[in-house]
Amino acid sequence: MTHSRPRHARRIAASLTAGLAVVALAGCSGGAETSSAPAADLAQDIVFALKEDPTCLDPQQTSVTTSLIVGRQLADSLLDQNPDTGEIVPWLASEWEASDDLTSYTFTLREGVTFSDGTALTSEVVAANFDAIVALGASASLANGYLAGYEGTAIADDSTFTVTFSAPNVQFQQGATTMSLGILSAATVAASAEDRCQAVVGSGPFVLESYVPNDAVELVGREGYDWASQLREHEGQAHLDSISFPIIAEPSVRTGGLESGEYDVIQDVPYVDESRFGTDEYRLYAKANPGVPNSLVLNTTRGPLADEAVRQAISAALDREQINVLTGSLSGSAPTSVLTSSTPGFTDLGDVLAFDADRSEELLEGDGWSLGEDGIYEKDGEPLTVTVTAFYAQDVLEAAQMQLREAGIDLQLKMVSSGDFFGAVASGDYDALGAALTRTDPDALRTLLSTESAARWGIVDDAELEALLQEQAQTADADARQKLVDDIQQIVAERAYVIPTLETVQLHGSRAGVEGITFDSAARLHLYDTRVVSD
Amino acid sequence: MASPEQRAAPAHGEGGARAIARFLVPKILQCLFVIWATYSVAFLLMHALPGDPVLAALSLRGGDATSTDPAELDALRARYGLDGPVWQQYLTGFLGLFAGDFGISIATGQPVIDMIGRAFPHTAAVAVFALVTGFVVALAFTVWAYIARPAWLRDVVAQIPPLGIAIPAFLTGLVLISVFSFGLGWFPASGTDGFASIVLPGITLALPTGAIFFQVFSAAVFDAGASPFVTTANAKGLAQRTVVTRHVLRNALLPSITIIGLQIGYLAGGTAVVETVFSRDGIGRLTVDAVLARDVNVVMGVVVVVATVYAVVTLIVDGLYGVIDPRTRTRLRTGKAATR
């Protein structure tokens, strides 16, 4: 309380000089970092066009970006993570501590936090949240991933509790910063999975006013909100009085509406329209999804991909810069590791993943492959054909297909529905999967590759890698863990278990008069600091 | 003391009722058959598709975190009535329809009947607007084309309405949005809020609808125009307006009623595109979403509702035939002829 006073005073001073600030800012509106206050004479209401129906608003159940853009405004998390440094800071929990073996975490809750239905945040509510997530099972896969091995939550008193796991769980601390483990009111977690999708009550800076599927979501600012994390720019209530999220499925209608002023912010600006909104009248918000970039995730137990030389040849034959130019955002860069550049723990492996057509050729010829008449390598009469199963990013795969064709490798695309994709994952019936895995921790690689992972996509048999993957998940010391994570990235990239193709960038746009839209560490949006500064 | 006339009257009435029943009952049975057949075919198609509907619906919400744990999938399958043998699912689903139970959407977890109930009025509003507008515009063009002189002008006028079919609704919609929403700001570009939100999608659909109406009207009207009774009417010196309204348009009425049934079938499909472009909640968009998510329960629900609307409209149209067409009317009155 005492140390918040100067900040508070500064905020009042800031709003007093708001008019002045707007004038002063007019000259530097191109910059990403601004510190102007909301304009006093303008309504603090924005219209934010979403690209699809959120389907389910409950942040614990859904992992779809669109839903989380809404959910993030409604629910707070125990902890927060600085997207730039990866540092974890307090939020709803003022203090926390992990046991040395990472099997238990003790939290102390911040005082005075309430949910928008008026009930207080207590240890009991948090315990009910975690218990409910485990009970949701498959309906809350991502949240359950963070709670792997959950044994229970022991309540010491109203504001102190200990979460225990049957095995070391390194991802829980980071998971506690995400919306997947966002804390909802006792009444919400007691409701059925279906009801929670339609309405959730959290302790966030905004409150759900209405949700009409396929039409719009309406939020209003929460009066008396006073527990933003220190990563936010201000304290107290959100600047905005309301946010309206119409659901606009057609991209050209979203961009047209941003131009005509019907929408203040739009989700998912198509990459082709990026330069059109690169002027001073608009702002673009771009961030690579953290986790594993768009990649070919390989099944090394069958076909030519069982052969390491073939895998490495494929990796060397891909010109990722060109793929990025052809299919990526102007704001994006080619992947230089098997984690994206926005993931904490990312290591630059640009040399390992460099485009090298000669090396690709050497690898294949050294391995006994010879060019057939049709320009495709073959060995023992079998052509070098690999099939990739995917349900999105067909353009990326087509670019890769083109490049591999030139290197004498035949990449066949099998575009399926998302259900069939996961059907293939369940049965293990594929050569390679084409997809990205969004997670905010390098543990994403364990999720993807470990033989013990429930969401295992890459099928590899590598004892050395497996041991490293398990060890990093049990190492609390940040430096020691980073060392392990470096080794893991090196091995996965060098032995080409995962062959990255593109860092997918989330690209949103707003008009210049709306400021303070920020990404959280999971590349979802915070609208708490957002304000309208000019028409 | 009953007079012969009095005795004859009820007998005639009874005969009439029986005739009407004889006329209507087969049509009602036909209507029920259409609904049953549609349900069955849709059921077979949805179940013949490869892949797992529960996994598909789950992946809509779970994204890259979708669980593929067989035990968890089985639990969800039981919950959404997708477990057990196929014939059992078929029977349970079909019998449920009579109790108004359309099951639960796998993708959203909401009762299917609620989702359809929410979306249906939005679609119906646009469809009715498009039907009425299309009808009126087509009528106006028909009359214009009929009375236009000289012949070349008549040909030009007759060539305009078919454009309504040639231009895809998707394009029309986008053009209307950029001009009337983003440019002039007269109508909203999206949403289902009030009459203003119906206008642009309604016009988008009215174009192809009107074009089809025009084809049918103009064929009938020009046929009638060339027939002897119009020549007679003209020869009698009746005013052009009287000839058009009394003789020519009346003859165009019958085929246009027939076409309404077909038009509603067309609108059911056309709304999917329009509802996507105009970001409207409605049956079309619901269907597209459900098909993409393999949400079998919603697809079956929509199929049954659309089939019912179509069948009922056809029934009404057939019934109207009985009232409007003098030949059918006569058959109904005499009773005997109907059994032919």
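The values are calculated or read from the model by the stated rules, or taken from the named source; none is laboratory data. For clarity, every value in this text was computed on a predicted model and none was experimentally measured. No Cβ is skipped: glycine too gets one built from the backbone with ideal geometry, and neighbour counts run over all protein chains shown. Note: areas computed on protein heavy atoms with side chains; ligands, DNA, RNA excluded. Shrake-Rupley method; radii C 1.70, N 1.55, O 1.52, S 1.80 Å.
Scanning segment A:492-506 for residues that are among the hydrophobic types (A, V, I, L, M, F, W, C) and touching a helix residue (DSSP H, G or I) at 6+ places or on another chain (Cβ under 7 Å) yields A:Val492, A:Ala496, A:Val498, A:Ile499, A:Leu502. Residues in segment A:358-375 that are of a type outside the set (A, V, I, L, M, F, W, C), within 17 Å of A:Ala316 (Cα to Cα) and part of a loop (DSSP other than H, G, I, E, B): 1 in all.
Within segment B:295-324, residues that are polar (S, T, N, Q) sit with their Cβ atoms under 7 Å from residues that are not in a helix (DSSP H, G or I), at 6+ positions apart or across chains, in these pairs: B:Asn297/B:Tyr80; B:Asn297/B:Phe102; B:Asn297/B:Gly103; B:Asn297/B:Ile104; B:Asn297/B:Ser105; B:Asn297/B:Ile106. Just one of the numbered conditions (1) within 14 Å of chain A (Cβ to nearest Cβ); (2) outside any helix (DSSP H, G or I) is not true of B:Leu238: (1).
For A:Leu136, the conditions (1) open to solvent by less than 20 Å² (accessible area, probe 1.4 Å); (2) touching a residue at least 60 places away in the same chain (Cβ under 8 Å) all hold with the exception of (1). Tallying residues that are under 22 Å from the mean Cα position of the chain (by Cα) and surrounded by fewer than 23 Cβ atoms within 10 Å (Cβ to Cβ) within segment A:214-244 yields 6. The set of residues from segment B:262-297 being part of a loop (DSSP other than H, G, I, E, B) and either open to solvent by 10 Å² or more (accessible area, probe 1.4 Å) or away from chain A (no Cβ under 11 Å) (or both) comprises just one member, B:Arg294.
Okay, residues lined up against (1) closer than 16 Å to A:Gln174 by Cβ; (2) of a type in the set (Phe, Trp, Tyr); (3) touching a Cys at 6+ places or on another chain (Cβ under 6 Å):
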| residue | (1), (2), (3) |
| --- | --- |
| A:Leu50 | no, no, no |
| A:Asp53 | no, no, no |
| A:Leu78 | yes, no, no |
| A:Glu87 | yes, no, no |
| A:Thr108 | no, no, no |
| A:Phe115 | no, yes, no |
| A:Ala128 | no, no, no |
| A:Ala132 | no, no, no |
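Selection over segment A:397-451 of residues that are open to solvent by less than 10 Å² (accessible area, probe 1.4 Å), assigned to a strand (DSSP E or B) and either free of Cβ contacts under 8 Å to residues at least 12 places away in the same chain or among the β-branched types (Val, Ile, Thr) (or both) gives a count of 0. If you go through segment B:22-72 and pick out every residue that is of a type in the set (Val, Ile, Thr) and either at the interface with another protein chain (Cβ under 7 Å from one of its Cβ atoms) or without any contact (Cβ under 8 Å) to a residue 40 or more places away in the chain (or both), you end up with 4. Output yes when any residue across segment A:45-68 is without any contact (Cβ under 8 Å) to a residue 24 or more places away in the chain, away from chain B (no Cβ under 14 Å), open to solvent by 10 Å² or more (accessible area, probe 1.4 Å) and of a type in the set (D, E, K, R), and no when none is. Within segment A:45-68, not a single residue is without any contact (Cβ under 8 Å) to a residue 24 or more places away in the chain, away from chain B (no Cβ under 14 Å), open to solvent by 10 Å² or more (accessible area, probe 1.4 Å) and of a type in the set (D, E, K, R). Annotation: A:Leu468 fulfils all but one of (1) in contact with a helix residue (DSSP H, G or I) (Cβ under 7 Å, 6 or more places away or on another chain); (2) touching a residue at least 24 places away in the same chain (Cβ under 8 Å); the unmet one is (2).
Scanning segment A:143-170 for residues that are in contact with a Leu (Cβ under 9 Å, 6 or more places away or on another chain), buried (at least 20 other Cβ atoms within 10 Å of the Cβ) and not in a loop (DSSP other than H, G, I, E, B) gives A:Ala143, A:Asn144, A:Tyr146, A:Phe161, A:Val163. Screening B:Thr192 on (1) within 14 Å of chain A (Cβ to nearest Cβ); (2) over 18 Å from A:Ile248 (Cβ atoms) shows it passes everything except condition (2). Being under 18 Å from A:Leu79 (Cβ atoms), more than 14 Å from every other protein chain (Cβ to nearest Cβ) and open to solvent by 20 Å² or more (accessible area, probe 1.4 Å) is a property that does not hold for A:Ser116.
In the set A:Ala400, A:Ala424, A:Ala407, only one residue is of a type outside the set (Asp, Glu) and within 14 Å of chain B (Cβ to nearest Cβ); that residue is A:Ala424. B:Gly322 meets all of the listed conditions (1) part of a helix (DSSP H, G or I); (2) at pLDDT 80 or above but one, namely (2). Looking across segment B:137-171 at every residue that is touching a residue at least 40 places away in the same chain (Cβ under 8 Å), open to solvent by 50 Å² or more (accessible area, probe 1.4 Å) and of a type in the set (A, V, I, L, M), the one that is farthest from the other protein chains (Cβ to nearest Cβ) is identified as B:Ile147.
Scanning segment A:311-322 for residues that are open to solvent by less than 30 Å² (accessible area, probe 1.4 Å) and in contact with a Lys or Arg (Cβ under 9 Å, 6 or more places away or on another chain) gives A:Arg311, A:Ala313, A:Ala316, A:Ala317. Against the criterion of being assigned to a helix (DSSP H, G or I), of a type outside the set (D, E, K, R) and either crowded, with 24+ Cβ neighbours inside 10 Å or under 32 Å from the mean Cα position of the chain (by Cα) (or both), A:Asn294 does not qualify.
Filtering segment A:490-521 to residues that are over 30 Å from A:Gly261 (Cβ atoms), open to solvent by 10 Å² or more (accessible area, probe 1.4 Å) and of a type in the set (A, V, I, L, M) leaves only A:Ile491.
Selection over segment B:172-211 of residues that are open to solvent by 40 Å² or more (accessible area, probe 1.4 Å) and farther than 19 Å from A:Ser260 by Cα gives a count of 5. With respect to being touching a Lys or Arg at 6+ places or on another chain (Cβ under 8 Å), crowded, with 19+ Cβ neighbours inside 10 Å and not in a loop (DSSP other than H, G, I, E, B), A:Ala334 falls outside the description. Residue-level check: of (1) within 14 Å of chain A (Cβ to nearest Cβ); (2) surrounded by fewer than 18 Cβ atoms within 10 Å (Cβ to Cβ); (3) over 13 Å from B:Val296 (Cα atoms), B:Ala99 misses just (1).
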